Each structure stands twice: as C-alpha cells, then as structure tokens.
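Below: the structure, in structure tokens.
Read-outs throughout are calculated quantities, based only on the coordinates presented, and are distinct from any laboratory measurement. Fair warning: this is a prediction, and the values are worked out from it, not measured in the lab. We place every Cβ from the backbone using ideal geometry, glycine too, and count neighbours over all the protein chains shown.
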2 protein chains.
Amino acid sequence: MSNSKLYKGSLNTIILKLLDEQGKMYGYEITQKVKALTKGELQITEGALYPALHKLEAEGLLDVEVAKVDNRLRKYYKLTEVGEKETINRLAELEEFIRSMQNIVNPNWSIN
Amino acid sequence: MSNSKLYKGSLNTIILKLLDEQGKMYGYEITQKVKALTKGELQITEGALYPALHKLEAEGLLDVEVAKVDNRLRKYYKLTEVGEKETINRLAELEEFIRSMQNIVNPNWSIN
DNA sequence: ATATATACATAATTTTCTTATGCATAATAA
DNA sequence: TTATTATGCATAAGAAAATTATGTATATAT
C-alpha cells in the first residue's frame with residue numbers, strides 16, 4: 001500500500017529470489033508470500049505481477065506447469081537452469097543496491 | 001551504472017534527504033555526492049535529475065537560488081518548510097521499503 | 001444472496017527512468 | 001594549441017515498469 005510505488009525495478013528479482021528458495025510457486029501465492037514477508041508493506045498488484053511472469057518466461061528464465069486444484073487453475077512457475085544463474089547475478093545487484101541506498105539514507109546502519 | 005535501473009521511485013527521496021542534511025545543493029553537486037556515497041554504484045543521470053528537481057520545486061518542496069561561481073551558473077536548491085515535513089515522511093517510507101526488501105532477499109541480515 | 005478470497009489475464013494510462021541532444025565555460029591533456 | 005574532460009544547466013523522444021481499471025471464473029463465508 002504505502003510503499004507500493006517504491007519497488008519499481010526490483011519486482012523481477014523478488015520473483016526470481018522467491019522461486020529460487022521455494023522451488024515452484026504460482027502467481028497468487030507470490031503476492032501472498034511477499035505480503036507476509038513484508039508484514040503487508042509490499043503489495044504486488046496483479047497488473048504488475050502477471051506481465052512480469054510472462055516476460056520472465058519469454059526470456060527463458062522460468063518454466064510453467066499448469067495445474068488444477070479445487071477446480072481452480074494454477075500456473076506453477078519454476079526457474080530454468082538459465083534462470084538459476086540469472087538469479088544469482090540479479091540478487092547480487094539488488095543487495096548492492098540496498099547497501100547503496102542505506103549508505104545514502106542512513107550511513108550509520110550496519111549490516112551483518 | 002550497473003544498478004542504475006534499480007532506483008526507480010526513490011530518486012526524489014534521495015534528493016530530499018541530501019538537501020535535508022546538506023542544507024543546500026546544486027544539481028551537479030547532487031550527482032557527485034550520490035556517486036561518492038555509493039562508491040560509483042548509483043549514477044544519477046541529468047535527464048532524471050533536472051526534471052525531478054523542477055517537479056519538486058513545482059510541488060513547493062524546494063526553493064531555488066541562482067548563483068554564479070567561476071563564471072558558471074549554479075542553481076542551489078533547498079527544502080521549504082513543507083519540504084522538510086515531506087522529507088520526514090518519505091524517508092520513513094524509504095527506510096521501511098529497504099527493510100522490506102531485506103526481509104525478502106536476505107532475512108538473516110540484521111539492521112542496527 | 002452477497003461479499004470476500006482465490007486465480008488468472010490484459011488494456012489504457014501514468015510515472016519515472018534512459019538516451020540523445022543542445023548550449024556554455026573552465027581546466028587539463030595531447 | 002587544440003582536443004578532451006569536467007563543470008553546469010536543460011529538454012525531447014522513447015522505453016520500462018508500474019498503477020488502475022476491467023474482465024472471467026470458482027469457492028467459501030456471512
């Protein structure tokens with residue numbers, strides 16, 4: 001909600017990171033997971049999420065597997081081999097970005 | 001350079017934060033300060049910076065003062081009273097965002 | 001019956017960048 | 001001395017990445 005306008009550019013990396021640690025996830029599950037991890041701070045909108053998933057798939061970073069659970073459709077996404085390698089790079093970049101931001105907004109913070 | 005695509009949405013807050021702690025700064029100075037603070041990681045482009053400064057001014061958050069130094073033009077920006085109040089809010093939001101990102105990419109990090 | 005949760009999708013629009021360009025002066029390197 | 005780099009501003013065109021608004025459909029809770 002309040003911070004929803006701030007995660008621009010990092011959504012793709014968030015998706016990759018979650019898939020890396022969870023193995024496979026479906027779209028709705030990702031939105032709920034992020035909400036839980038951030039105590040409601042980051043709300044990923046569907047209009048951002050689904051196009052992002054489709055793009056990552058088109059880029060060859062994700063594979064899809066359709067399932068039907070409780071008569072409802074689910075599309076499970078998981079990292080391809082290329083996707084796993086990309087995830088490492090993008091995560092490193094995002095972590096560096098976070099450190100840079102901290103150096104600006106609060107140089108006193110220490111990160112361990 | 002490498003991370004330049006990641007700071008979308010946070011540039012305004014960075015500007016406000018720097019002006020809050022430095023009192024007044026001119027555009028070029030801001031780009032150099034950010035570069036120094038982030039060891040070259042974040043490069044603020046002029047095409048992003050100047051429109052952002054103009055917009056913040058139009059919103060009433062910044063005041064401008066033109067100076068001529070070494071026969072070159074400088075536009076010093078500083079926070080208005082409204083700008084100072086906004087800075088507090090936006091900084092809090094950005095810090096919360098950074099914490100949220102950390103909860104996702106590295107839940108083991110502790111921040112002090 | 002109605003609202004909320006689950007689950008996907010896309011189109012229109014807006015925001016916010018990047019890239020490219022332009023002007024001008026000062027300092028430094030070739 | 002001439003070319004490049006640094007300093008300093010600005011804006012236009014285009015791309016990227018969101019938001020907002022829809023749309024479809026099933027399940028569950030009130």
Next item on the list: Can you find, among A:Met101, A:Tyr28, A:Leu16, the residue farthest towards the positive end of the dipole of chain A? Put +1 on the C-beta of Lys and Arg, -1 on that of Asp and Glu.
Entry: A:Tyr28
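Return the ratio Rg/(2.2 N^0.38 Å) for region A:11-105, where Rg is computed over Cα atoms only.
Numbers: Rg = 14.1 Å, N = 95, 2.2 N^0.38 = 12.4 Å.
Ratio of Rg to 2.2 N^0.38 Å for region A:11-105: 1.13.
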Checklist line | Rel. contact order, % - alpha carbon contacts under 8 angstrom, at least six apart, chain A | finding: 29 percent
Notebook entry, point to check: From the label point of B:Val69, set 7 Å from Cα along Cα→Cβ, how far away are the matching label points in the other copies, in nm, ordered shortest to longest?
Noted result: 5.9
Next item on the list: Report, in degrees rounded to the nearest 10, the 0 to 90 angle that the Cα long axis of helix B:81-105 makes with the longest principal axis of chain B.
Entry: 30 degrees
Check: Taking chain B as a Gaussian network, where each spring joins two C-alpha atoms under 10 Å apart, which residue of B:Thr87, B:Thr31, B:Thr45 fluctuates the most?
Finding: B:Thr45
Item checked: Using alpha carbons only: equivalent-ellipsoid semi-axes of the protein assembly as shown, gyration tensor based, whole Å -> 38, 17, 16
Margin query: Rounded to whole angstrom, how close does the nearest chain B beta-carbon get to the axis mapping B onto A, and which residue is it?
Written below: B:Lys8, 2
Check: Taking the Cα centre of chain B as the origin, how large is its charge dipole in debye, to the nearest 20, when only Lys and Arg (+1) and Asp and Glu (-1) carry charge on their Cβ atoms?
Finding: 420 debye
Notebook entry, point to check: Just counting partner chain Cβ atoms within 10 Å, what average do the residues of peptide B:87-100 show around their Cβ?
Noted result: 5
Check: Based on the Cβ-Cβ distance from B:Asp70 to B:Ala48, what FRET efficiency comes out when R0 is 41 Å, to the nearest 0.05?
Finding: 0.95
Margin query: For a quick check, take a GNM of chain B with Cα springs below 10 Å and name the residue from B:Leu37, B:Leu79, B:Leu94 with the largest mean-square fluctuation.
Written below: B:Leu37
Item checked: Neighbour cut-off at most 12 other Cβ (10 Å), DSSP loop, trypsin sites (Lys or Arg not before Pro), region A:1-98 -> A:Lys5, A:Lys39
Notebook entry, point to check: On a 0 to 90 degree scale, rounded to 10, what angle separates helix A:46-58 from the longest Cα axis of chain A?
Noted result: 80 degrees
Note to self: Place a point 7 Å from the Cα of A:Asn89 along the Cα-to-Cβ direction; which residues of region A:33-72 have their backbone N under 13 Å from it?
What the structure shows: A:60-61
Notebook entry, point to check: Nm distances between the label at B:Ala58 and the same-position labels in the remaining copies, 7 Å along Cα→Cβ, shortest first?
Noted result: 3.1
Note to self: Take the residue pairs A:Lys8/B:Lys85; A:Lys33/A:Lys85; A:Lys35/A:Lys75; B:Lys33/B:Lys55; A:Lys33/A:Lys78; A:Lys85/B:Lys33 and return only those whose Cα atoms are more than 26 Å apart.
What the structure shows: A:Lys85/B:Lys33
Next item on the list: Tell me the distances, shortest first, between B:Pro107 and the same position across the other copies, using label points 7 Å along Cα→Cβ, in nm to one decimal.
Entry: 3.4
Notebook entry, point to check: Counting Lys and Arg as +1 and Asp and Glu as -1, what is the net charge of the other residues whose Cβ lies under 10 Å from the Cβ of A:Ile14?
Noted result: +3
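Considering only the other residues whose Cβ falls under 11 Å of the Cβ of B:Thr80, what net charge follows from Lys and Arg at +1 and Asp and Glu at -1?
Surrounding charge for B:Thr80 is -4.
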Checklist line | Debye, to nearest 20: dipole size of the protein assembly as shown, +1 on Lys, Arg Cβ, -1 on Asp, Glu Cβ | finding: 140 debye
Check: Relative to the present Cα-Cα distance, how much length would full extension add between B:Asp20 and B:Asp63 at 0.36 nm per residue of separation?
Finding: 14.2 nm
